[in-house]
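Report on the structure given below.
The values are calculated or read from the model by the stated rules, or taken from the named source; none is laboratory data. Predicted model only: the values in this text are computed from it and were never measured. Cβ: placed from backbone, ideal geometry, glycine included. Neighbour counts: every protein chain shown. What goes into the accessible areas is simple: the full protein's heavy atoms, side chains included, and nothing from ligands, DNA or RNA. Shrake-Rupley method; radii C 1.70, N 1.55, O 1.52, S 1.80 Å.
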Amino acid sequence: MATTVPGRRRSAALRLLAVAAALFGALLGGAVPAAAHAALTGSTPAQGSVVDRAPEQVSLTFSEGVAMGDDSIRVLDPKGRRVDRGKLRDLCSGDTVKYAAGLPPGLADGTYTVAWQAVSADSHPVSGAFTFSVGAPSETTAAVPEQEAGGGLVGALYGVARYLAYAGFVLLAGGAVFVLACRPAAAGVRSVQRLIVQGWAVLTGSTVAMLLLRTPYTGSGELADVFDLGGLRQVLETKPGVALVSRLLLLAVAALFVAVLFGAYARAQGAGSGAPDPGSTAPAEDGRRRADLTLGLAIGGVIVAVGLAATWAMAEHASTGLQPGIAMPVDVLHLLAVAVWLGGLAALVVSLYWGPAVERTAVRRFSRLAFCSVLVLVATGIYQSWRQVGTWRALTDTTYGQLLLLKTGLVVLLVGIAWTSRRWTARLTELRTPAAEEQAAGTAAVDAQVSGAAAPETASSGTSTPEAPVSATTASQTQVPAPEAAAPDDDEGGADRAAQLARQRAALSTARTKRIRDADPERLGLRRSVLAEASVAVVLLVVATVLTATEPARTEEAVKRTAGQSAAANQPQVLTIPFDTGGPRGKGTARLDLDPGRSGSANELHLRISDPSGKTMDVAEVKVSFTQRAQRLGPLPVVPGHVSEGHWSAAGVQLPVPGQWELSLLVRTSDIDQVTETRNVKIG
């Protein structure tokens with residue numbers, strides 16, 4: 001029965017972690033390709049426009065800072081051949097982010113394709129394409145990549161590496177804080193050591209992977225380009241490349257920190273746990289050395305942790321947009337609070353499940369530390385939400401806002417489970433109970449017998465030690481023969497038998513430790529509650545990773561507004577124009593429809609005229625013209641043909657550029673009676 005119940009508990013724990021892993025896969029699968037963080041807000045020539053003469057250059061305007069190279073803007077002719085000069089021009093000034101590619105003179109008439117690709121200021125790739133026409137539209141065979149920048153297999157691998165980097169930082173930084181601030185004795189616990197070392201290894205490996213994947217992630221999208229040394233050299237000159245290299249240098253320092261933490265610091269804590277000699281001054285000196293070592297590790301650890309967190313802040317959302325000077329330190333605090341809370345939680349989980357029983361004081365220290373971390377998370381999270389979201393409506397109308405609501409819900413759930421853990425912590429008793437005494441005695445007995453023949457030799461010499469009675473008692477309880485029972489005629493066989501008995505006693509000691517630990521209902525409840533916290537934390541970390549790869553709500557709302565204005569401008573234009581020529585039957589109303597009302601397209605114009613009573617009527621002549629005074633275009637005449645009574649139409653009406661156009665309508669009702677009415681019309 002003692003082996004069945006722990007097996008069920010392990011099975012339940014594995015099921016919880018499997019659910020968390022499944023949610024991780026589902027969320028991460030929707031995270032790639034990464035959403036664009038910089039939006040194209042304008043271009044010259046405009047998308048879909050028709051110009052009379054070939055422009056000298058093609059310019060693009062973005063919503064925020066981007067990184068572009070000479071090949072970032074490509075202009076292709078109707079046959080798919082590249083015609084731009086291959087040299088990028090930086091036209092940025094003030095808050096305007098604008099780049100241009102020069103064109104040769106004498107381009108033939110037809111439709112040209114502009115394909116562009118850039119890297120946002122927050123390190124995410126963006127791309128797109130549009131067309132414009134010279135003279136008149138034509139068919140084009142220009143091939144534009146269908147895959148979005150940052151997508152495909154490379155995008156998926158980069159997304160996994162991003163998640164692992166966050167997870168590694170959380171385990172490394174949070175685990176170290178747990179050891180130094182909550183449970184110094186954990187420096188000698190193997191499971192905690194493995195957790196922190198694995199966090200360092202995961203963060204280092206994922207950082208190297210991200211550095212190698214940057215070239216295909218922001219460029220070709222081909223996985224083979226991870227071995228492109230020229231591309232890697234270019235990456236090292238970018239802000240994300242500098243951040244990743246800085247992270248690797250800090251991880252080298254972190255390796256030294258971990259070595260001291262689990263070396264000199266662990267030995268100092270182990271030496272300090274023994275019973276002091278009342279007449280010696282050594283304990284005071286040892287205490288001072290331990291305090292100095294702890295202070296040095298704490299200062300060095302804070303510096304390294306802040307530096308590691310800053311490598312994200314300097315290359316992610318915080319480095320661009322509103323108030324970057326405030327946002328970057330706030331982002332560092334946010335990351336550190338996440339690491340202290342979730343990383344300490346992971347260290348507590350492994351301590352509760354694999355290792356000696358955790359002291360009540362250590363659990364309470366972590367509980368207070370986690371509470372402070374939550375307060376920091378709330379304060380920094382509110383500021384980040386305001387900065388990236390902007391409006392209440394954006395919380396539900398944008399992908400970023402929806403993910404932020406999901407993250408907030410997970411944080412609330414995690415806090416609720418943590419409150420349950422605090423209740424279990426309040427019910428914990430001190431470790432030195434009779435059951436704990438039995439556990440300590442059993443452990444001492446096993447240590448004495450595993451050490452070889454030291455105990456028998458002491459007994460034969462008549463010297464009494466505290467371990468000898470305990471060893472005899474434990475041996476009689478476990479029904480395991482003493483080492484003297486080994487065959488005396490074979491020294492090698494006796495050594496093998498002694499080693500086998502030592503392994504048996506170690507296994508029995510482990511089983512006894514688990515049995516005693518599982519017999520404590522308070523600690524059993526605490527382990528289950530903390531495991532549930534850790535499972536939710538895994539999902540929370542996934543959502544946070546996806547959130548960093550998602551377009552901020554402010555940018556998404558701005559893009560929607562631009563798209564909405566463009567869509568509104570591209571709607572069919574309907575104008576109702578009253579007129580009065582002054583002669584007989586000179587009054588009436590003209591209704592003009594222009595569909596689709598877009599530049600660069602063959603618009604269809606319909607004109608219907610009715611008398612004051614609403615009945616259709618014919619007039620002697622109608623003329624329509626369009627003028628774009630801002631660019632000195634026009635008037636462009638349109639002569640509609642008579643279709644039926646009171647109805648005229650014209651097909652193939654071309655307006656070369658979008659913007660505000662002035663429409664002139666001439667209505668003549670007799671040989672001498674006519675009037676010209678003008679209206680403004682918005683062309684997309």
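The residues on offer are 527, 505, 523, and the sole one that is modelled with pLDDT under 65 and among the charged types (D, E, K, R) is 523.
From the list 291, 346, exactly one residue is surrounded by 21 or more Cβ atoms within 10 Å (Cβ to Cβ), of a type in the set (A, V, I, L, M) and on the phi < 0 side of the Ramachandran plot. Which is it? Lay out the reasoning, then the answer.
On the way: 291 fails: surrounded by 21 or more Cβ atoms within 10 Å (Cβ to Cβ).
Only one candidate qualifies: 346.
Looking only at residues of the range 318-337 that are open to solvent by less than 30 Å² (accessible area, probe 1.4 Å), β-branched (Val, Ile, Thr) and modelled with pLDDT of 80 or more, we find that the one that is nearest to residue 552 (Cα to Cα) is 330.
Taking the criterion of being touching a Pro at 6+ places or on another chain (Cβ under 9 Å), under 25 Å from residue 119 (Cβ atoms), of a type in the set (A, V, I, L, M) and open to solvent by less than 50 Å² (accessible area, probe 1.4 Å), would at least one residue in the range 212-224 satisfy it? No.
Name the residue, out of 302, 358, 340, that is outside any helix (DSSP H, G or I) and within 15 Å of residue 181 (Cβ to Cβ). Criteria check complete, one pass: 358. With respect to the conditions (1) open to solvent by 20 Å² or more (accessible area, probe 1.4 Å); (2) of a type in the set (A, V, I, L, M, F, W, C); (3) assigned to a loop (DSSP other than H, G, I, E, B), residue 636 falls short on a single one, namely (3). Considering only residues in the range 622-633 that are among the charged types (D, E, K, R) and outside any strand (DSSP E or B), the one that is farthest from residue 575 (Cα to Cα) turns out to be 632. Inclusion of residue 32 among residues that are modelled with pLDDT of 50 or more and of a type outside the set (D, E, K, R) is not warranted.
Of the residues that sit in the range 233-265 and are of a type in the set (D, E, K, R) and assigned to a helix (DSSP H, G or I), which one is nearest to residue 197 (Cα to Cα)?
My answer is 247.
Taking the conditions exactly as written (open to solvent by 30 Å² or more (accessible area, probe 1.4 Å) and in contact (Cβ under 8 Å) with a residue 60 or more places away in the chain), does residue 658 satisfy them or not? Yes, satisfied.
Taken over the range 361-401, residues that are open to solvent by 50 Å² or more (accessible area, probe 1.4 Å), assigned to a helix (DSSP H, G or I) and among the β-branched types (Val, Ile, Thr) amount to 6. Between 108, 129, which is under 35 Å from the mean Cα position of the chain (by Cα), at pLDDT 80 or above, farther than 24 Å from residue 240 by Cα and open to solvent by 10 Å² or more (accessible area, probe 1.4 Å)? Answer to the check: 129.
Filter the range 647-664 for residues that are part of a strand (DSSP E or B) and either of a type outside the set (Val, Ile, Thr) or over 20 Å from residue 111 (Cα atoms) (or both) and give the result.
Our first condition is that a residue be part of a strand (DSSP E or B); within the range 647-664, this holds for 647-653, 659-664.
Once the filter is applied, which keeps residues that are part of a strand (DSSP E or B) and either of a type outside the set (Val, Ile, Thr) or over 20 Å from residue 111 (Cα atoms) (or both), the range 647-664 yields 647, 648, 649, 650, 651, 652, 659, 660, 661, 662, 663, 664.
State all residues of the range 579-621 that are without any contact (Cβ under 8 Å) to a residue 60 or more places away in the chain, open to solvent by 20 Å² or more (accessible area, probe 1.4 Å) and either assigned to a strand (DSSP E or B) or of a type in the set (Ser, Thr, Tyr) (or both); if no residue qualifies, say none. Matches in the range 579-621: 587, 589, 591, 593, 595, 604, 606, 608, 610, 613, 616, 621.
Which of the residues that make up the range 76-92 are open to solvent by less than 70 Å² (accessible area, probe 1.4 Å) and within 33 Å of the chain's Cα centre (by Cα)?
88, 91, 92
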